[in-house]
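Following: one structure in structure tokens, then a few remarks.
What follows is calculated from the coordinates using simple rules that are stated; it is not laboratory data. Worth saying up front: this structure is predicted, and the values here are computed from it rather than measured. Every residue, glycine as well, gets a Cβ built from its backbone with ideal geometry; the counts of neighbours run over all protein chains shown.
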Amino acid sequence: MKRAITVLGLSLGLAIATPATAHDVKSHEGKADQAPPLDAEGIYKAFGWDMDGVEIKTEKVADGLYVLFGNGGNIAVSVGEDGTLIVDDQFPQLMPKIKAALKEIGSEKVDFVINTHWHFDHADGNMALGKDGTWIVSQSNSREKMLDDHIINLGFVAYEQKAYPKHARSDITYDKTMQFHINDQQIDLLHVGPAHTTGDTAVIFRGANAVHLGDVFNNSGYPFVDADNGGDITGMIAFCQAVHDTINNDTKVIPGHGAVTTRAKLARYIEVLTTIRDRVQAMIDEGKGLDAIVAAQPTAEFDKEFYGAEVTTTAFLGRVYASLTRE
């Protein structure tokens, strides 16, 4: 029987992209429409997700390291003679398709899954894998979030994420750092502090020279800062900078959403987020509210680059504002 384990670690010296089908934001004051939070069926509809029609696509990053793309967060896969370790697991409805894709690259069973954080589109697959005996690993704050119900305010809509059942919670947790040695890889787990959530993990595959940042780094649009649950835009920037500083120019960067990219793209992301954060903070210091900040269009020069549209920009600014004004 699996039992929860906590690993204490020392610090190293380390988005949901708004869908095109999302509803517009009625209030600019950082809140979703006043409708009740959606359930799972409702959030799938809001994102335009058809689980039955999902195709799992596989990309090879390096020998023994792959990325699976489906619905929800990107899944990194280390496969080899020691077994299979994956990063994030999307949804239980997709697990048969995910396992079929894993089998194609030589995996027979998922031995470990690392959750980069506790949000539904990255960790709901725990509900299937936990029953299969897969060991679930996360930063300790993510496990704490799994114990209770939480409202996730995405800016354009809110979702009520229910507590995970016992078998779907983290079995192994850590505080700052942790290491795996599997499939001839040293795999470093790194937590810097509140960022996308309060429990984010970067997973660095040292042998393959790749890193999975979860939703701390979104390569499909502006990121989501879960400010209502402790997420922090300044922490997100610091987290990305810490990861940037521990990798090199040849490192393959796996985002929570979007295509596998480079360290240079991560550096650009840090630059843009820092500029926007500083602009928003300056307007807050001038006494401006969110409506005025949105009207000033502090993201305008980056919107095309970051796939921005009015709804995504407004939702992003709402979450940045909530982060910077939270007491």
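Ordering H257, H191 from the fewest to the most neighbouring beta carbons within 10 Å gives H257, H191.
Segment 166-202 and segment 214-275 have their alpha-carbon centroids 17 Å apart. Positive contributions from Lys and Arg (+1) and negative ones from Asp and Glu (-1), summed over other residues with Cβ under 13 Å from the Cβ of K60, come out at -1. For segment 115-126, backbone phi angles converted through the Karplus equation (6.51, -1.76, 1.60; θ = phi - 60°) give residue-by-residue couplings of 8, 5, 5, 9, 5, 3, 7, 10, 10, 5, x, 3 Hz, Gly and Pro being listed as x. Straight Cα distances below 16 angstrom link K99 to the aspartates and glutamates D52, E55, E59, D88, D89, E108, D111, D124, D132, with same-chain residues fewer than 8 positions distant left out. Counting only Cα atoms, segment 220-327 measures 43, 29, 22 Å along its principal axes, largest extent leading. Model label sites at E59 and D245, defined 7 Å from Cα along the beta-carbon direction, differ in position by 2.8 nm.
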